[in-house]
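Colleague: Dumping the structure here so I can ask a few things about it.
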Amino acid sequence: MLNAIGNRIKNLRKEKKMTLAELAGKRLTKGMLSLIENGKANPSMDSLHYIAQQLNVDVSLLLNDGQIKEIRELLLVVEEDYSNIKDPFNPNQVDNIKQIIEKIMHVQDHLLGNNYEEIRLLDLHLRLKSFLNQAADLEEEMYSVIHLYEKIHAYNRVVNCFTFLASRAFTQKDFNKALQYVKQAEAKIEPYVHLVDHLSKLDMYYLLTILYAAVDDVPNTEKNLELAIDIAQKNKIYYRIDDFYRFMLVQVMSRNDLEKSKYYITKLKLHADFTEDILSQYSYICCETFYLNLIEKDYRRTLEIAKEAKKLQPDRYGILKSLLGYIVAEETYALWALGQYIEAINCSDNFSIPSNIHHPYDLSTLYKCFAVRALCYLEIGDREAAKREILYASNEVEGFPNTIDKLFIDEAYKKIIENK
């Protein structure tokens, strides 16, 4: 493609009877222009636009239409492959990621950022490299991609790039940095908010909600949560609505608001039934056990639900397996509340925190299981085991927001370590 572009530039220059120096003007050297014309240098998109301006032609005239078609067809394939990577940090996905990167590498020299397809492939290439820890400066490179998207007014993608950076920082538990990325997205799109679709806005508000919660900023958490739900309800959009309802449920349960807790658990049930989606249904089960233990205090019903939930087949991405941890944690809690201490310890003997859980709210819920185990050991007279379990839980949630579960762990710590 470099030879093709170079030949077009050379032919157009000669047609217009321009010398190398005239075409190079003030921004290019004659030597660099000569290398470009002879296919020995790869012009940047800025350089191509400059050359096209000097030649008084549209930049598309310098590009190969056949190559554009090939890139568009490749993007369709790469998008589908990328969408199938549900857990990019799973070692089993490494070969798949490498294969997608290899497909993009075949046209890498042609990705100049002159149109949406090229920019999107640059974007996906960078993301895939980051999954393999091969993006030396992810932030700087992503900002370059964002700049290219801004040039073509693809503000949905601008939001998506910032949320990608935020998600990476989130998995590293750098919540403040993650929050700054999403706030940058919010500021970037403010003048062009009419060009951003509702789904992109919901993604942005969802991240703002969970990140403000992670840094214990309650007013902004609730503000963004309400903004998101308002957009979803006004536009009859069901995307992410169960995520928002779950988050709202946690908020109202933390305030011991019985009426609203019942309202949101009902909403989650209706949503799960409506979508008939296995993940929505399983997420609802997790919330239901939490609700039954904390609000209804119907511990026997929790045990019944947990028994049925364990019969569900794991999904191909292992998401249900991660959610099962919440079920086991609440099952252990229910057994403890019923005074079945040995059964509670046995139930959670193999309990561990899934590696894909990062939010302090979720982590507090799961680490609560170790605090419950500690209280069970205390009841059966094994104080050393009780200390071991509660110290582990307490150390892991240090500095987390004071959710119901975090406060439960703190109280258990006082009872076991401080004998209060």
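The values are calculated or read from the model by the stated rules, or taken from the named source; none is laboratory data. Computed from a predicted structure; not experimentally measured. Cβ placement follows ideal geometry from the backbone for every residue including glycine, while neighbour counts extend to all protein chains displayed.
Colleague: So ILE404 passes all but one of these: (1) under 24 Å from TYR291 (Cβ atoms); (2) surrounded by 20 or more Cβ atoms within 10 Å (Cβ to Cβ); (3) under 31 Å from the mean Cα position of the chain (by Cα). Which condition number does it fail?
Modeller: The one condition ILE404 does not meet is (2).
Colleague: Please determine, by comparing only the residues of the range 88-133 that are in contact with a Phe, Trp or Tyr (Cβ under 9 Å, 6 or more places away or on another chain) and among the β-branched types (Val, Ile, Thr), which one is surrounded by the most Cβ atoms within 10 Å (Cβ to Cβ).
Modeller: Here the residue is ILE119.
Colleague: Of these, ASN346, ASN395, ASN402, which one is part of a loop (DSSP other than H, G, I, E, B), more than 18 Å from THR171 (Cβ to Cβ), outside the structural domain of THR289 (by TED's automatic domain parsing) and out of contact with any Lys or Arg (no Cβ under 9 Å at 6 or more places or on another chain)?
Modeller: Only one candidate passes the filter, namely ASN402.
Colleague: Then there's this: I need the full set of residues from the range 245-276 which are among the hydroxyl-bearing types (Ser, Thr, Tyr) and within 19 Å of THR209 (Cα to Cα), in order please.
Modeller: Scanning the range 245-276 gives TYR245, SER254, SER261, TYR264.
Colleague: Still on this structure: Restricting attention to the range 91-107, does a residue exist that is part of a loop (DSSP other than H, G, I, E, B), at pLDDT below 90 and touching a helix residue (DSSP H, G or I) at 6+ places or on another chain (Cβ under 7 Å)?
Modeller: Narrowing the range 91-107 to residues part of a loop (DSSP other than H, G, I, E, B): 106-107.
Narrowing the set further to residues that are at pLDDT below 90 leaves 106-107.
Going one step further and asking which of them are touching a helix residue (DSSP H, G or I) at 6+ places or on another chain (Cβ under 7 Å), we end up with 107.
Looking through the range 91-107, at least one residue is part of a loop (DSSP other than H, G, I, E, B), at pLDDT below 90 and touching a helix residue (DSSP H, G or I) at 6+ places or on another chain (Cβ under 7 Å).
Colleague: Answer with yes or no whether ALA334 is within 29 Å of the chain's Cα centre (by Cα), more than 25 Å from VAL218 (Cβ to Cβ) and at pLDDT 85 or above.
Modeller: No.
Colleague: Within the set of pairs 6+ apart or on separate chains, which have a first residue in the range 137-156 that is over 17 Å from ASN115 (Cα atoms), a second that is not in a helix (DSSP H, G or I), and C-beta atoms under 9 Å apart?
Modeller: If the second residue must be not in a helix (DSSP H, G or I), the pairs left are GLU141/ALA135.
So that you can scan it fast, the table gives a plain yes or no per residue for (1) in the same structural domain as ASN293 (by TED's automatic domain parsing); (2) of a type in the set (D, E, K, R):
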site	(1), (2)
ALA232	no, no
MET253	yes, no
TYR264	yes, no
LEU270	yes, no
ASP273	yes, yes
ASP277	yes, yes
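Colleague: Does ASN350 meet the test of being at pLDDT below 95, under 17 Å from the mean Cα position of the chain (by Cα), under 30 Å from PHE131 (Cα atoms) and surrounded by fewer than 20 Cβ atoms within 10 Å (Cβ to Cβ)?
Modeller: It is false that ASN350 is at pLDDT below 95, under 17 Å from the mean Cα position of the chain (by Cα), under 30 Å from PHE131 (Cα atoms) and surrounded by fewer than 20 Cβ atoms within 10 Å (Cβ to Cβ).
Colleague: Confirm whether LEU23 is over 18 Å from ARG8 (Cα atoms) and in a helix (DSSP H, G or I).
Modeller: No, not satisfied.
Colleague: Of all the residues that make up the range 368-392, how many are among the β-branched types (Val, Ile, Thr) and part of a helix (DSSP H, G or I)?
Modeller: First pass over the range 368-392, keeping only residues among the β-branched types (Val, Ile, Thr): 372, 380, 390.
This time we only want the ones that are part of a helix (DSSP H, G or I), so: 372, 390.
Matching residues across the range 368-392 total 2.
Colleague: Here is a follow-up. Of the residues SER44, SER34, which is within 35 Å of the chain's Cα centre (by Cα) and small (Gly, Ala, Ser)? It would help to see each step written out before you state the result.
Modeller: Numbers: SER34 fails: within 35 Å of the chain's Cα centre (by Cα).
Going through SER44, SER34 in turn, just one is within 35 Å of the chain's Cα centre (by Cα) and small (Gly, Ala, Ser): SER44.
Colleague: Okay, next question. Give the residue, chosen from VAL328, VAL250, that is assigned to a helix (DSSP H, G or I) and touching a residue at least 60 places away in the same chain (Cβ under 8 Å).
Modeller: Only one candidate qualifies: VAL250.
Colleague: Further, regarding this structure: Only one of LYS311, LYS236, LYS307, LYS260 is outside any helix (DSSP H, G or I), over 27 Å from SER200 (Cα atoms) and either touching an Asp or Glu at 6+ places or on another chain (Cβ under 8 Å) or without any contact (Cβ under 8 Å) to a residue 24 or more places away in the chain (or both); which?
Modeller: LYS311
Colleague: Mind checking which residues of the range 173-188 are surrounded by 18 or more Cβ atoms within 10 Å (Cβ to Cβ) and part of a loop (DSSP other than H, G, I, E, B)?
Modeller: none
Colleague: Of (1) out of contact with any helix residue (DSSP H, G or I) (no Cβ under 6 Å at 6 or more places or on another chain); (2) surrounded by 18 or more Cβ atoms within 10 Å (Cβ to Cβ); (3) modelled with pLDDT under 90, LYS236 satisfies all except one. Which?
Modeller: The single condition LYS236 does not satisfy is (2).
Colleague: Answer with yes or no whether SER167 is surrounded by fewer than 22 Cβ atoms within 10 Å (Cβ to Cβ) and either on the phi > 0 side of the Ramachandran plot or touching a helix residue (DSSP H, G or I) at 6+ places or on another chain (Cβ under 7 Å) (or both). I'd like the intermediate steps shown before the answer.
Modeller: Working: surrounded by fewer than 22 Cβ atoms within 10 Å (Cβ to Cβ): yes; either on the phi > 0 side of the Ramachandran plot or touching a helix residue (DSSP H, G or I) at 6+ places or on another chain (Cβ under 7 Å) (or both): no.
Answer is no for this residue.
Colleague: Could you list, in sequence order, all residues of the range 35-50 that are assigned to a helix (DSSP H, G or I) and touching a helix residue (DSSP H, G or I) at 6+ places or on another chain (Cβ under 6 Å)?
Modeller: ILE36, GLU37, LEU48, HIS49
Colleague: Taking TYR155, is it crowded, with 20+ Cβ neighbours inside 10 Å, more than 29 Å from ASP95 (Cα to Cα) and at pLDDT below 95?
Modeller: So TYR155 passes the test.
Colleague: Same structure again: Which residues, taken from the range 379-401, are of a type in the set (A, V, I, L, M, F, W, C) and either in contact with a Ser or Thr (Cβ under 8 Å, 6 or more places away or on another chain) or under 23 Å from PHE290 (Cβ atoms) (or both)?
Modeller: ILE390, ALA393, VAL397, PHE400
Colleague: Anything in the range 207-218 that is surrounded by fewer than 21 Cβ atoms within 10 Å (Cβ to Cβ) and either of a type in the set (D, E, K, R) or at pLDDT 90 or above (or both)? List them, or say none.
Modeller: VAL215, ASP216, ASP217
Colleague: If you don't mind, there's one more thing I want to ask. For the range 189-203, check the following and say yes or no: at least one residue is of a type in the set (Phe, Trp, Tyr), under 29 Å from VAL59 (Cβ atoms) and loosely packed, with under 14 Cβ neighbours inside 10 Å. Full working, then the answer.
Modeller: Filtering the range 189-203 for residues of a type in the set (Phe, Trp, Tyr) gives 192.
Then keep just the ones that are under 29 Å from VAL59 (Cβ atoms); that gives 192.
Subset that is loosely packed, with under 14 Cβ neighbours inside 10 Å: 192.
Yes, there is a match, as at least one residue in the range 189-203 is of a type in the set (Phe, Trp, Tyr), under 29 Å from VAL59 (Cβ atoms) and loosely packed, with under 14 Cβ neighbours inside 10 Å.
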